[in-house]
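Student: This structure is in structure tokens; I'll ask about it shortly.
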Amino acid sequence: MAKFARSYSKYAVFGIGAVAGGTIIEISRKYYHSHLAHSSWTTNYEPSGTKWDSNWDRREGEYLVHPKKRSIVPEGLDLLKGTKDEKPVQSKAVRNIFMIRHGQYNLDGKTDAERVLTPLGRSQALDTGKRLKVLDYPFNKIHVSTMSRAIETAQLISQSLPDVPVEQCALLEEGAPVPPDPPVGHWQPEVHQFFQDGPRIEAAFRNFFHRADPSQEHDSYELLVCHANVIRYFVCRLVCNPLCILSC
């Protein structure tokens, strides 16, 4: 009987240990998911559907002022007593952005330096410049990716817009911002590319797409000369959930 009791106690202890271990694992799993930090180009929240976030660029007028000086009190906060007579800070001007993909280029090039425009690509860039000149907008700047095909495209466009300054930006380089959904068979970047390119291209979006600063008095017109995936991401990021559908 004593032998049976000792044997039974071993099983009881083992059972209690298994239950405790399972409980710890479950608690750890829940804690992990509740504290999971996503990349800057994803979201921890459920898709909002058609609900529009009016503060999408984090530049809503009241948020450009120190909390103690805001003229509008966000729900649940009581930071602005005594500032009701102040006017909220708002943009006065409109930022107009033209996105242009580089011209056709040499797909057989093994390096960026070899992926230059084809004769057709050069013709496309020249025609784009001519068309932009006809539009007669007071362009302020041409922002261009640092990749060869984009730089060449911008240079050819500049022949029609010689007075518009050109500025290179590495954030606009081509890349793999998010995994395509549904997957496509002819475009299969390595997993690490999404983690490397995604935050960079999201940073480019935040850099170029936002409301005008309240100090900007007149409308601005800017050109972005970059790449297909970058432009797709920008467009999807503007009109829908960041986890948008992309394909090459």
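The values are calculated or read from the model by the stated rules, or taken from the named source; none is laboratory data. In this text, all values refer to a predicted model and were calculated from it rather than measured experimentally. Cβ atoms come from the backbone with ideal geometry, glycine included; neighbour counts cover every protein chain shown. In case anyone asks, the SASA skips ligands and DNA or RNA and just uses the protein heavy atoms, side chains included. Shrake-Rupley method; radii C 1.70, N 1.55, O 1.52, S 1.80 Å.
Student: Give the ranking of GLU202, GLU152 by solvent-accessible surface, highest area first, calculated with a 1.4 Å probe. Can you show the working numbers first?
Tutor: Values: GLU202 5, GLU152 40 Å².
Sorted descending by solvent-accessible area, the residues read GLU152, GLU202.
Student: Stretch GLN188-VAL94 to full length: gain in nm at 0.36 nm per residue minus the Cα-Cα span?
Tutor: The span from GLN188 to VAL94 would gain 30.0 nm if fully extended.
Student: If we count every other residue with Cβ under 10 angstrom of GLY175's Cβ, Lys/Arg +1 and Asp/Glu -1, where does the sum land? Each step should come with its number before you reach the end.
Tutor: On the way: positive: ARG200; negative: GLU173, GLU174, ASP197.
Summing Lys and Arg as +1 and Asp and Glu as -1 gives -2.
Student: To the nearest 0.05, what FRET efficiency results for LYS110 and HIS218 with a Förster distance of 51 Å applied to their C-beta separation? Please report the intermediate quantities before stating the final value.
Tutor: Working: r = 46 Å, r/R0 = 0.89.
In this case the efficiency is close to 0.65.
Student: Considering only protein heavy atoms, with the full assembly of protein chains and a 1.4 angstrom probe, order ASP136, ASP163, ASP197 by accessible area, largest first.
Tutor: ASP163, ASP136, ASP197
Student: Separate question: Please give the length that would be gained between ARG206 and GLU167 if that part of the chain were fully extended, namely 0.36 nm times their separation in residues minus their C-alpha to C-alpha distance (nm, one decimal). List each step's numbers first, then the result.
Tutor: Working: separation 39, 0.36 × 39 = 14.04 nm, distance 1.72 nm.
That works out to 12.3 nm of additional length.
Student: Segment 186-214 to segment 97-143: how many Å between their Cα centroids?
Tutor: About 21 Å separates the Cα centre of segment 186-214 from the one of segment 97-143.
Student: Can you put SER160, SER91 in order of accessible area, largest first, using a 1.4 Å probe?
Tutor: Values: SER160 20, SER91 50 Å².
Reading off the accessible areas and sorting them downward yields SER91, SER160.
Student: Given H placed 1.01 Å from N in the peptide plane, which residues other than close sequence neighbours of CYS169 have an amide H under 5 Å from its amide H?
Tutor: The answer is VAL144, SER145, THR146.
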